[in-house]
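Colleague: Got a structure for you, questions after.
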C-alpha cells in the first residue's frame, strides 16, 4: 500500500510517502506566508523524486489540526482537491505522526 501523508498545521510542513508502513521519503520545509503556493509543487517534487504517479497512491492522509490557522486552511482543501480530481481515498487525523500513520494504514 502506498500512502502520501502531509501536515500543514505549523510553519514547518511535512510530506511523506510510505510503502507498506515504511517511510520511503519525507520532505520537510518551512514557510511563512506562502504555504499554499509551496504545497502542490512540493507534493509534485516528492512524487517525481520517487517516480510515483498520483494514481499509484492508495491512500492520502492529511493533518487537520490543532495548529496554525493558515496551515489548517491549506491542508483540508488540498485534500478535497485530490479527492475530487483523482477520486482517491483520504484519512484525516489530528497529526501525521507515526501513530497517525499507523491508524491511516491499519484502520
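The values are calculated or read from the model by the stated rules, or taken from the named source; none is laboratory data. Every value quoted in this text rests on a predicted model; they were computed, and no experiment measured them. Here the Cβ positions follow ideal geometry from the backbone for every residue, glycine too, while neighbour counts run over all protein chains shown.
Colleague: Under 6 Å between Cβ atoms, at least 6 apart or on separate chains: pull out the pairs that start in region 75-102 with a residue that is over 22 Å from residue 31 (Cα atoms) and end on any residue that is modelled with pLDDT of 70 or more and part of a helix (DSSP H, G or I).
Modeller: Sorted first by the residue in region 75-102, then by its partner, the pairs are 86/54; 88/82; 90/79; 90/83.
Colleague: Taking the conditions exactly as written (at pLDDT below 85 and assigned to a loop (DSSP other than H, G, I, E, B)), does residue 88 satisfy them or not? So that I can check it myself, show each step before the final result.
Modeller: On the way: at pLDDT below 85: yes; assigned to a loop (DSSP other than H, G, I, E, B): yes.
The answer is yes for residue 88.
Colleague: Then there's this: Can you list the strands (runs of 3 or more DSSP E) found entirely within region 1-74 that contain at least 3 residues being within 19 Å of residue 87 (Cα to Cα) and at pLDDT 80 or above?
Modeller: Because the criterion is at least 3 residues that are within 19 Å of residue 87 (Cα to Cα) and at pLDDT 80 or above, the strands (runs of 3 or more DSSP E) in region 1-74 that meet it are 2-7, 59-63.
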